[in-house]
Amino acid sequence: MSGMDKMKNKAQEVSGQGKEKVGEATGDRDLQAEGKNDQAAGSLKQAGEKVKDVFK
């Protein structure tokens, strides 16, 4: 299960990067912010998964 969670978290990060780039290109600050939030959430979840792995 942990591997699948890691993939989902990484996908969220990558999706966030895409949203941020599209927001920059189009001048859409809301989309940029949403992308940054997605990246931060994905990174935070990834960190949580790494902590779980340490304690296994």
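Quick notes on this one:
- Each residue in region 26-54 was checked for being of a type outside the set (A, V, I, L, M) and exposed (fewer than 13 other Cβ atoms within 10 Å of the Cβ), and 8 of them qualify.
- All conditions but one from (1) surrounded by 15 or more Cβ atoms within 10 Å (Cβ to Cβ); (2) under 15 Å from the mean Cα position of the chain (by Cα); (3) of a type outside the set (D, E, K, R) apply to Gly23; the one that does not is (2).
- For region 8-17, the count of residues that are touching a residue at least 40 places away in the same chain (Cβ under 8 Å) and on the phi < 0 side of the Ramachandran plot is nonzero.
Here, each number is a calculation from the coordinates, and none is a lab measurement. Here the structure is a predicted model, which means the values were calculated and not measured. Cβ sites come from the backbone with ideal geometry, for glycine too, and all protein chains shown count toward neighbours.
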